[in-house]
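The values are calculated or read from the model by the stated rules, or taken from the named source; none is laboratory data. Computed from a predicted model, the values in this text were never measured in an experiment. FYI the Cβ positions are ideal-geometry reconstructions off the backbone, even for glycines, and counts take in every protein chain you see. Surface areas here come from the heavy atoms of the whole protein model, side chains and all, with no ligands, DNA or RNA. Shrake-Rupley method; radii C 1.70, N 1.55, O 1.52, S 1.80 Å.
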Amino acid sequence: MPANPLPLGFVFRSRAKEEKALADKAQVTDSKQPRDPQAPKGRPTPKRSEAQSQRRSVASTPTNRKEAAKRQREDRRAALAKQREALASGDERYLPARDKGPVRKYARNFVDSRFCVAEFFLPMAVVILVLSMVQIPQLQNIALLLWLFVIVMIVVDSIGIAIRLKKQLNERYPDESKRGAVAYALMRSLQMRRLRLPKPQVKRGERP
């Protein structure tokens with residue numbers, strides 16, 4: 001039995017210190033070694049496009065109600081601007097819902113490709129109004145007869161347009177919904193050609 005035995009606390013404390021020193025040394029050594037590029041990092045690296053889109057979404061998120069309302073007004077103005085451009089160019093992507101679809105497009109082209117009596121209603125109405133204001137009984141009678149003649153011609157022409165258009169739509173688009181297409185075309189025929197929106201995409205006499 002040794003004369004001066006070491007205390008047990010000293011032995012355990014020395015082992016703990018040595019293990020801690022070895023662990024710290026291994027950690028420092030591992031941190032200095034370059035990481036293998038093929039080694040997994042624990043999570044996939046996002047693509048550059050994904051990272052940019054995430055940064056843009058975070059930057060574009062409104063922070064308060066006032067900013068959100070401002071953003072909505074800007075988006076609404078941008079949508080209306082695109083809609084106006086589409087009405088002039090006929091771009092289907094940004095047209096209003098009432099003008100979208102192949103059925104509505106064909107109805108527009110069907111009306112725009114021909115002369116319609118109804119499109120001359122406004123100028124004829126002005127002429128008839130002027131004649132009716134003249135204090136001459138003969139001219140007033142002519143204005144009244146002319147007014148009746150215009151109304152009859154518009155009704156007859158509109159019935160013919162409706163019948164022919166409905167037949168063409170049933171032949172060309174048997175599986176598409178044609179609800180409201182005839183009324184849409186008749187309302188367009190009442191407008192002067194240069195004032196129609198979307199702008200006419202076919203010439204008069206051209207097959208739609």
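Computed over protein heavy atoms with a 1.4 angstrom probe, the accessible surface ordering of Glu92, Glu171, largest first, is Glu171, Glu92.
Tell me, in nm to one decimal, what length is gained between Ser113 and Met192 on full extension, where the rule is 0.36 nm per residue of separation less the Cα-Cα distance?
Contour length minus the Cα-Cα distance gives 27.1 nm.
Listed here are the pairs Lys178/Lys203; Lys70/Lys178; Lys66/Lys199; which of them are more than 31 Å apart at the Cα? Working shown, then result.
On the way: Lys178/Lys203 24 Å; Lys70/Lys178 39 Å; Lys66/Lys199 38 Å.
Distance filter (> 31 Å) returns Lys70/Lys178; Lys66/Lys199.
Across the stretch 114-123, computed HN-Hα scalar couplings (Karplus, 6.51 cos²θ - 1.76 cosθ + 1.60, θ = phi - 60°) run 9, 7, 10, 5, 5, 5, 9, 5, 5, x Hz from first to last residue, x flagging Gly and Pro. Amide H contacts of Gly90 (H built 1.01 Å from N, in plane; Pro and chain starts excluded): Lys199 sit under 5 Å, all sequence-distant by 5 or more or on other chains.
Extension gain Asn141-Asn170, at 0.36 nm per residue separation less the Cα-Cα distance, in nm?
That works out to 6.0 nm of additional length.
Karplus-derived 3J(HN,Hα) values for the stretch 151-161, using 6.51 cos²θ - 1.76 cosθ + 1.60 with θ = phi - 60°, are 4, 4, 5, 5, 5, 5, 5, 5, 5, x, 4 Hz; glycine and proline are entered as x.
When the residues Lys82, Lys166, Lys66 are ordered by accessible surface, computed with a 1.4 Å probe over the protein chains alone, the sequence from largest down reads Lys66, Lys166, Lys82.
How high is the FRET efficiency between Val134 and Gln72 when r is their beta carbon distance and R₀ equals 41 Å, given to the nearest 0.05? It comes out at approximately 0.15.
Taking each residue as 0.36 nm, the span from Arg179 to Val127 lengthens on full extension beyond its C-alpha to C-alpha distance by 15.1 nm.
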